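Input: a single structure, listed below in structure tokens.
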Amino acid sequence: MCIVHYMVHGTSNHELFENLRLELRRGSLVLACLAALRQERYGYTLRKTLEEQGMAIDEGTLYPLLRRLESQGLLLSEWREEEKRNKRFYRLSADGKLILKQLLGEWQSISSSLNGML
Amino acid sequence: MNLVDRYLKAVAKALPEAQREDIVRELSEDIRSEMEDKAGELGRPLTESEQQALLKRRGNPLVLAGRYRQDYRTLAFGRQLIGPVLFPFYVRVLSFNLGLTFAVIAIIFIALGVSGQKVGVNDVLSSCLLQLFIQLGAVTLIFSLIERHLTKNPDRWDLSGTCGGLRLDLKIGKNSSLPIERGQWISRFESVSIIIASTVALIWVTGVQRYPFLILGPAASFLKLAPIWYQVYFPIVLLTVAEIVRATINLVRPDWTRFRAVYNIVSHSGGLVVVYYLIRSGSWVAAVGPATEITEQYAHSIAIVNQWTYFALLVAAILSVVMLVVKVTRLVRSLRRGAGSPSVTAPAKEGD
């Protein structure tokens, strides 16, 4: 009985943790993408950069996110040939730079508040 | 077409049309960059299984395409039945089925109106509501089962299918450990055709009960259907609805060939009972109006129609008996063959 109780609650706790972790990461990923795109990159190199910095993101999440940020006016993109292949390069727009600055301020404020509490 | 192209084709099919080309170009570039990177690390080109593993890691093409959509509509009754990935397909299939059904209803009622038959608003509404209920139920059931499968088994897909290159492995539960040859499966095209044909038949049968003109034509002015047809109306409707349900089940589980074989025996037996009662009645059409007003010419016409109906029913009964014997024989043979093994497979032609 106890084992069953542990298994049921163990599983739901794990699911709960996963959901909360995803929620926490979602906002951080936007910030990470914007920060990485201060320098112009195309999708694959952006993904590699984020992975090297410990912010791994799968392509099924990254590309829809880039499109959303572009439609919100925070990113600019253009197709260009590089190494004989057409690639889509992304960079921060003027609005994106402004928003990134504000978000970084917010992030640092949250971080210092949390550090004070933990 | 190589694996990457097949994967991209499967993704493209589920993408919003306006962005399709752009998204596929970008995804294609990302996949090829990753493959080049891996090949560079290994110092050799990737094998097909390595390419497959890399694509598999990217996830089900349907789910991947769903992430690009801005439309997050779902269907839920308490719990979610159809999620945002399948919802656009659900709406498309339902719209197509309902559109086709309502077109058939419209044609029938227009034909009735043009021929001078009295058509009530209630008749049109009740026919539409009945079909709406059947289509909504069947399509929702199929899609909620696929949704459940996708959620529980996100990795059970491959690129060997013919439907946009993608094949969802819908073998669920106990039978998944018993491989069944795909050549023996009931074709999904066949199941969809039966669902559509049976739905049209159901509309027609429902219409005939109220408007004998649909079967008697201009003769409906002096002929009417005998009471026996009204007695067998519900058994006929029941058999037709059962056929729709059976085809819907086989659409989701095309490997349930033995289920279809057993169902066919039951349905043919039911059909035979209906034909038996029809033959026994002895009269299938009667004259409109009192018997004293029937002219000799009308009486002669009625006798001819009854005679031909009798022959037609007799032929139907003989064919049903032959079909029943064939189906029982095939099932018994398949049971004998399968006695030594736990396979649930019936012969390839079973039930055809």
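Numerical summary
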item: Segment A:37-68 - residue that is without any contact (Cβ under 8 Å) to a residue 24 or more places away in the chain and of a type in the set (Gly, Ala, Ser) and, of those, farthest from the other protein chains (Cβ to nearest Cβ); result: A:GLY54
item: Filtered residue count, segment B:27-56, keeping only those that are assigned to a loop (DSSP other than H, G, I, E, B) and surrounded by 14 or more Cβ atoms within 10 Å (Cβ to Cβ); result: 1
item: Test for A:ILE99: is it assigned to a helix (DSSP H, G or I) and either away from chain B (no Cβ under 14 Å) or under 14 Å from the mean Cα position of the chain (by Cα) (or both); result: yes
item: Single match in B:ILE249, B:ILE244, B:ILE265 (criterion: of a type in the set (Val, Ile, Thr), within 27 Å of B:GLN131 (Cα to Cα), part of a helix (DSSP H, G or I) and touching a Lys or Arg at 6+ places or on another chain (Cβ under 6 Å)); result: B:ILE265
item: Residues satisfying the stated conditions in segment B:241-280, i.e. buried (at least 16 other Cβ atoms within 10 Å of the Cβ), polar (S, T, N, Q) and at pLDDT 85 or above; result: B:ASN264, B:SER267
item: Index of the failed condition, B:ASP123 passing every other in (1) under 25 Å from the mean Cα position of the chain (by Cα); (2) more than 28 Å from A:PRO64 (Cα to Cα); result: (1)
item: Segment B:57-96, residues that are part of a helix (DSSP H, G or I), away from chain A (no Cβ under 12 Å) and in contact with an Asp or Glu (Cβ under 7 Å, 6 or more places away or on another chain); result: B:PRO88
item: Of the criteria (1) without any contact (Cβ under 8 Å) to a residue 12 or more places away in the chain; (2) within 13 Å of chain A (Cβ to nearest Cβ), which one B:THR47 fails; result: (2)
item: Members of segment B:27-39 that are within 13 Å of another protein chain (Cβ to nearest Cβ) and of a type in the set (Gly, Ala, Ser); result: B:SER28, B:SER33
item: Selected residue (only one of B:VAL11, B:VAL24 is of a type in the set (Val, Ile, Thr), in a helix (DSSP H, G or I) and either away from chain A (no Cβ under 14 Å) or over 26 Å from the mean Cα position of the chain (by Cα) (or both)); result: B:VAL24
item: Unmet requirement for B:ILE194, which otherwise passes all of (1) assigned to a helix (DSSP H, G or I); (2) modelled with pLDDT under 80; result: (2)
item: Test: residue in segment A:80-91 that is touching a Phe, Trp or Tyr at 6+ places or on another chain (Cβ under 7 Å), over 13 Å from A:GLU40 (Cβ atoms), free of Cβ contacts under 8 Å to residues at least 40 places away in the same chain and within 12 Å of chain B (Cβ to nearest Cβ); result: yes
item: Total residues in segment A:92-102, condition surrounded by fewer than 16 Cβ atoms within 10 Å (Cβ to Cβ) and touching a residue at least 12 places away in the same chain (Cβ under 8 Å); result: 2
item: The listed residue being under 23 Å from B:LEU64 (Cα atoms), within 14 Å of another protein chain (Cβ to nearest Cβ) and not in a strand (DSSP E or B), out of A:LEU34, A:LEU24, A:LEU20, A:LEU29; result: A:LEU29
item: A:SER77, sole failed condition from (1) within 11 Å of another protein chain (Cβ to nearest Cβ); (2) in a helix (DSSP H, G or I); result: (2)
item: Residues within segment A:27-44 that are over 22 Å from A:GLN102 (Cβ atoms) and surrounded by fewer than 17 Cβ atoms within 10 Å (Cβ to Cβ), tallied; result: 0
item: Matching entry among B:TYR90, B:TYR68 (being surrounded by 17 or more Cβ atoms within 10 Å (Cβ to Cβ), over 17 Å from A:PRO64 (Cβ atoms) and not acidic (Asp, Glu)); result: B:TYR90
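The values are calculated or read from the model by the stated rules, or taken from the named source; none is laboratory data. Given the structure is predicted, the values throughout are model-derived calculations rather than measurements. Don't worry about glycine lacking a Cβ; one is built from the backbone with ideal geometry, like all the others, and counts go over all protein chains shown.
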